[in-house]
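First up is the structure itself, then whatever we jot down about it.
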Amino acid sequence: MQGDRRRTAKVALAALVVAVAFWAVLPGTAYAMQPEEAATLPYSDLQFVLSSFSFLVWGALVMWMCAGFTMLEAGSVRTKNASMICLKNVGIYSIAALSYFFVGYGLMYVDVDGFIGTLQFFPGPTAAEATLFDGATDRVDEVVGRGHASMSNFFFQTLFVATAASIVSGAILERVKLWAFWAFTLVMTAVIYPVAGSWVWGGGWLQEMGFQDFAGSTVVHAMGGCAALAALLMVGPRRGKFRPDGSVKATPPSNVLVVTLGVLILWLGWFGFNGGSVLALATPGDAVAMSSVLFNTNIAAASGLVAAVLVARPLFGRLGLASSLNGALAGVVSITAGPNIAESYWAVVIGAVGGLLCSVATWLMERMKLDDVVGAIPVHLVAGVWGTLAASIAAGADFGVQLLGVASVAAFAFGASFAVWMAIDLTVGIRVSRDVEFVGQDVGELGIESHPEFVLVPEEIDDYQQPLKPPKRGRRRRGRPDGHERPEMPGERLVAPAGAPPGQHFPPVGAPTGHYFPPVGAPPGQQHRPPATAPPGQHYPPAAAPPGQQPPPSETPPAATPPGQQPRPPATTPPGQQHRPPATAPPGQHYPPAAAPPGQQPRPPSEAPPPGQQPRPPATAPPGQQHRPPSEAPPPGRQPPPGGAPPERRG
């Protein structure tokens, strides 16, 4: 047995030696067997192949940032809106790809006259590149002379416009209609972004002045942040975020693991975002520049996170996860305008300042009552402006030109976006109704739940009773209770089942057991949970209810009785249900069921008959009706006949 094992080990060792030798010798043998002319590939062809391939690889990495934005936003919102976030972000990417293909690319790059390009529908390969599909080689030199395949560059540029639209999505989550946002995405990716991009990258007036924006601190991030700010001012905060007493409702991420993973995916995708913006991989200089860009991108993000961590406690009073992660994103946004620098320590400085400014801007926005869910404006607008100006420090740009460029792009993006949002609001409306915002867009608009097996944490109903804005006198329209909202559409109210008694409250579908909701339109404060010892189904009015505000008749609690007076059973007590005596009642005192005849009240202990003596019937009892002692009382729920017990027959 031991000999067999040794032989097996020797055979395995010999096979391993043969495999290693074959692996070492085969490449040299294959290279020697190749024809001599095949070993010399034209240098220009190699440049063309590498540059085109780099566009495709970096573009795929930028596309992966769509997953990062989706996870960051879905983890930042409450779970009742997570499914809507997933659909919206996939829709953003799809709409951006189509609109940029049909309209946007021509406006940005084709025959730019200084301010805008020319409409060119359905861009595609050049005429020379089209001949290669048929196998022709007579125009290869013309194709190679471009430096890269035309469609590889188009693919890479398409993914940038999708990123700009995703920035707007993160700022106004949980309260904007899906179709309204998609309509804005269409206009932004087809017109707003291409026009601003033509000024900087398409040969427009800013590029002629020497404006420098290597990978989009202004064109992508600052512009997207301005569009998000315009949307934020139009739609307003989420209900209950900023309460009338001045407090701010805490809305922590629903899934910190997903948020963290989303930030790491964005961090990874930024290597393609900045690295691909070298726009070539044809020479040793391109390779060196690309390596420095990737390294500077990484350490800028790291320094931004460290700076945000250091200032978190002085600003927010605690070390926060969201602010720290946003510091990393702000650092990488800051370096995007000029990562092609040899002195990498400047990347540390620029990224750290970006993380610091992001945290300060987040603190200020909360006090200005601007409800930015993921911090898109501090990360992209504030850090993008800083990064554009910082390019004049380390990347050799002119400060005056940089300031003029970022101000011009920001003003155009904000004005155009605000006009588009206003037009959408006047036509189809941009904000969901109060009931949809309360139950969540997953159920309210999609009819599904992202986590159907989990019980959602109930929210305070009072947060949804306050109007978004105080009504203005003389302009309050009929059917608009808040002075700012449109009337509820059919199916948006929480409808009670058919045949329900008037005034009965019904929670929404999926609400936790024991959590009561007032009807839609109830005054603020009409939300009260019954005490733990209350009988099932018994509702109580709120402790601080206004004078005269009583619960519905079917839910009225028994009135308090004066001292010494025996309480009467409530009118709604089911037949056979015993009434509980008060806490101070003497032991042994019994109470009749709710359906007892009128006047049948319990006797006090002082008048109780001696042991063994039958109790006397009440004064109003029918003739012949005997009262049974407690030991012979019928079972609960069993009542004597309505007409009283029949008299005994005498023989």
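The values are calculated or read from the model by the stated rules, or taken from the named source; none is laboratory data. Keep in mind that what you see is a predicted model, and the values were worked out from it rather than measured. Cβ sites come from the backbone with ideal geometry, for glycine too, and all protein chains shown count toward neighbours. Note: areas computed on protein heavy atoms with side chains; ligands, DNA, RNA excluded. Shrake-Rupley method; radii C 1.70, N 1.55, O 1.52, S 1.80 Å.
Go through 102-110, 367-375 and give me the packing order, highest mean Cβ count within 10 Å leading.
The peptides rank, most packed first, as 102-110, 367-375.
Determine ³J(HN,Hα), in whole Hz, for all residues of region 129-142 in sequence, where each value follows from phi through the Karplus function 6.51 cos²θ - 1.76 cosθ + 1.60 and θ = phi - 60°; x replaces Gly and Pro.
Those phi angles translate into 5, 5, 5, 5, 5, 8, x, 6, 10, 6, 10, 5, 4, 5 Hz.
Using modelled amide H (1.01 Å from N, peptide plane; none on Pro or chain starts), what sits under 5 Å from the amide H of V176, excluding residues fewer than 5 places away?
Here V432 satisfy the definition.
Order 198-204, 68-74 from most to least packed using the mean count of other Cβ atoms within 10 Å.
Result, highest mean Cβ count within 10 Å first: 68-74, 198-204.
Mind listing the long-range amide H neighbours of F242? Cut-off is under 5 Å, sequence gap 5 or more, other chains count too, H placed in the peptide plane at 1.01 Å from N.
Close amide H contacts, sequence-distant or interchain: K249.
What is the Cα centroid distance between region 377-420 and region 146-162, reported in whole angstrom?
24 Å
Run the accessible area of region 192-290 with a 1.4 Å probe and give the carbon-and-sulfur part as a rounded percent.
70 percent
What do you get for trypsin sites (Lys or Arg not before Pro) in region 225-262 restricted to DSSP loop and a cutoff of at most 15 other Cβ within 10 Å of the site's Cβ?
Numbers: sites: R238, R239, K241, K249; in loops: R238, R239, K241, K249.
Those satisfying the criteria are K249.
Can you check what the net charge comes to around S324, using other residues whose Cβ is under 15 Å from the Cβ of S324 (Lys, Arg +1; Asp, Glu -1)?
+2
Distance between the C-alpha centers of region 322-346 and region 90-114? Whole Å please.
Each part reduced to its Cα centre gives a spacing of 27 Å.
Order these peptides, 174-181, 346-353, by their mean beta-carbon neighbour count within 10 angstrom, highest first.
Details: 174-181: 20.1, 346-353: 24.1.
Peptide ranking by packing, descending: 346-353, 174-181.
Can you give the local net charge around G147? Use residues other than it whose beta-carbon is closer than 14 angstrom to its beta-carbon, Lys and Arg +1, Asp and Glu -1.
-4
First select every other residue whose beta carbon is under 13 angstrom from the beta carbon of A282; then total the charges, Lys and Arg +1, Asp and Glu -1.
Local charge sum for A282: -1.
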